[in-house]
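Where a number appears in this text, it was derived from the coordinates with a stated rule and is not lab data. Please read all numbers here as calculations on a predicted model, not as lab measurements. Reconstructed Cβ throughout: ideal geometry from the backbone, glycine too, with neighbour counts over all protein chains shown.
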């Protein structure tokens, strides 16, 4: 049994079966299959969010200080420290259904997780229009009477047989051309890149006649790589890992700051290209594919990630008036970015729109096939920044609203990042007004993170702890409302329920900061809609991708007036749409062109100088909103309860 | 005096004054100024052909075994081992006027040596149409209301202000773009390459606002580099040196053979790019120009030299049916060829026509402005191969006729290369039939080289030593005709006049080989003319470039029927037309396009399978030719003498 190279990994409660290589890292295997199990420590085994329970099989976890003896006894391991050495069955402890499933949502975790990838592959099968071609070419044999150069006759053949005229033959391939032509009696397989009009590989007629590529998403936190067979568009395998830049700064702003230091930019580029090289090399080794069979990489990411990947300073992205060096970098040789392993490959990055609306959003819009949508859609990528795009096949308008650090735990006294010990889900007992909560990792809480704060704010409002302005109702006999010298505080976890030395609470100042954050997102949506004279009710569907979005309780997000009050059935959670967009751009010429068109089509609205946004923002500093009629469901909840 | 950086070097008998840097190598200074003093040992101080006499000044020669004590006493030095440390005056010992001047030729050495370069620079002055531009660009400042990327606004400005749309900004320059734009208040100098549509440099408004390039000729024996100011087309300075590949093989064929060995190709590329880097770096250092101010290099050379420079195997150039990998290589980054010093420069090579008719010939045709010539011209580059092109502005036809090694001393019993001890000029006393000769280096002869053999053949025929078939006239009482067991031999230098242990002589077999060689050249010319239905008398002018051509006595070359019998006034000797063509291509877009047009226009005739050539070749095995009427001057000489 132990000599097998691949094992079956059954993942509960999703009931998904994966095929994994022997010795694979468990966390990487899950992420690689688009099951993005929680994690926030860079895979160092310290955050404890990736706990899984081993039900069957040989899954060995390295020693660590997170898993208690008790947990160990019941088969709990940290996925990021565990290795798979047999057919296994595991259960994700960190409540995947909670993380994703929202009340009234018809989409299951599984469907969501695989939604766009599956449909993307399906799409490619139906209509395969590659711009990276593999083609057999028969070159005319030279003679004393026809003694033109090898290059001339090769180009002539490519023009006649593959329809690409004046194809560029890079020097490294040109050097091999005469030998390969003669050894194969003038009959060769050519990998050609129609976009850059160049040869991306050449193989003998008895060769393996193959052509592959990589689709890459560089996220601020994770890196995902798909290995793709470009002869049919099939995803051969995929890999993922943390973005190793995390050690230089957890968020974009900290990385930009670090990039300004000596060697800072260089280090950031080195670790990200190194990581992509590593994941890609592993996938190639496993699939027995040579580096020189890789014809192209498409790379998607936010503007800062792409700048760092290119080794281009993101400095002015951070400084007003927030300017990128380029929104769309020209394609270039992989080696120029530091991906030196792939001598024949060019790198294509997805074009972005503005400093905080990047190629990852373009990819997302491509993944939801926005240019085919007749009805108006809202695309939201929720992280520290909320990136918003509204539109359909005819028009697109987008913005980035700085939700600020509140949802990441910043600007809130007891706020923490979504790590072990963070309260991530809150309900309030209607009678006692006592908070019930779930804590990441299951231990006592040390603070409250973004999704917990959204729950808390919604619950406080629904249960009358606060009024529409976010002020505490002091006359309802709330036993958990405490007055200090300076302020009132609502106790979420008393000291005896808390993992820290004091109460975990929320103050009016904290609430104020949260109100600003949620107001920013909703005002962004409203502003975009008003720019095109539409109302909330004109939104046909909402697509939520990335970061915070995954952990969100949509009902509460609606209650606090962060997300529009439309049927939760119109909400879809898509996971990583950035890599799906990169994949589509890689395998389909039409999709590649579509991505270019999308990036060109989005009108960018700079909110920091938009007066309407300011008006809406002020209006958004009420729960759920100044005009309650925009939130009929919330109105109903309030008056029914 | 000794602190000066430049000195004046007066060169006799040419009476030319040169400006040279302190500490310059004398041979390199001469070559760099297009005074190609003889030499054949790779500058190692062993061939002795570069002897000069120091008349004035401080010219120090390193120790060597060539210069005798006597010579040393009279101021003779080897130019290749000498350093110039003051204003100096030298005289070229190796009879430059003899080497170049031909009877009846109106062009002096000086005029020839500077003919095309001077007229090229003059031409550029008159009509300057650079494709490497320097242009001041004012980029729009971004704001919150106009927050497009730096690249977008830069491209917009370049389009509007320099007329180049969608200009490519290479990654290394893109990295600097945001900083330079802001430091210079959005006003920068851009070096742009119109052909590759890319930025080749960017400087601040207070920068030095400069743009330079190199024109390079890679000859089999020497490398010549011009440093050119691309803002006005001026030649800033030039440098030259031996092609260091010589140590791996003196001629093309030997180098191709060496290139097939392990590391052979790599070594050949390494030494040639290293040498160009070295010459170029010296020129830049002296002129205080930075490497990154170099926008482009144009490189001209025969196909084998260009293949080796590119690191592309020339193997199939040597094997039937004689195929190049490419006749025209795409332009590419300098670093890709190994010229890694010039980060912003692209390399453009002059397009060739066939395996033995390369970009050096295209450059030559450009240098003589062939596309402006209404009358028919003949261009000849005479080395081991004779490269021939006939035509005018409307048509061009060319071939390469393997003159064989006879003119290089091969296939002739007493033949040697044009090195020290070689008889290079011969006359025969009409009465005694004794040979008088000049020897390279002035010592006793050890053999006879190409120019000596042509003289000898001509003189033997004119003085009746041989008949029209190249057979000895045995009945004229020739005391120098000796019969061995096998053959008759005509003694050129008896043992007592010879530097070797035996007579230096020529046999009928030798003569036969020479007849074949000269027949090949003339038949080539005839065949080309007949292909287009023209006669010798239709040739309006003959341009002779390169190698053997420089040492040729045209009269004797006509007498033996190697060159057409037309007025010697129609002959021009142009020296190195390859570098002139590279220069023209570098500074003028029109000339660059013209070179492309020329390469496309030349119809290549493969002589080895041409029946007419074979006929003419057989006819050429007479002196001067089967039909004497084609050589009226020779006829006249024969019947007058």
Taking every DSSP bridge whose two residues both lie in segment B:212-349, the antiparallel percent to the nearest 5 is 60
Order of A:268, A:637 under a 10 Å beta carbon neighbour criterion, fewest first
A:637, A:268
In percent, how large is the relative contact order of segment A:327-473, given Cα pairs closer than 8 Å and 6 or more residues apart?
13
If each label sits 7 angstrom from Cα along the C-beta direction, how far apart, in nm, is residue B:626 from its counterparts in the other copies?
10.6
Before anything else, pin down the relative contact order of segment B:241-365: Cα pairs under 8 Å, at least 6 apart, normalised by residue count, whole percent.
26
If you take each beta carbon of peptide B:336-342 and count the beta carbons of other chains within 10 angstrom, what is the mean?
1
Per-copy distances of the residue A:499 label point, shortest first, in nm (7 angstrom along Cα→Cβ)
9.4
What number does chain A give for Rg over Rh if you use C-alpha atoms and the Kirkwood radius?
1.01
Chain A, closest residue to the rotation axis toward B, by beta-carbon, whole angstrom:
A:333, 5
Rounded to the nearest 5, what is the percent of antiparallel bridges among the DSSP beta bridges in chain A?
70
Hey, got the average number of other protein chain Cβ atoms within 10 angstrom for residues in A:598-610?
1
As a check on your grasp of the helix formula, calculate [θ] at 222 nm for chain B: sum -39500 (n - 2.57) over DSSP H runs of n ≥ 4, divide by the residue count, round to the nearest 500.
-9500 deg cm²/dmol
Shortest-first distances to equivalent copies, position residue B:611, nm, label 7 Å out along Cβ:
9.1
Exposure proxy check on B:510, B:429: fewest-to-most Cβ neighbours within 10 Å is B:429, B:510
Quick one: A:248, A:490, fewest Cβ neighbours within 10 Å first, how do they rank?
A:248, A:490
At a threshold of 8 angstrom on Cα-Cα distance, excluding pairs fewer than six apart, so keeping six or more, what relative contact order does chain A reach in percent?
13
How shielded is B:180-186 by partner chains, expressed as the average number of their Cβ atoms within 10 Å of its Cβ atoms?
1
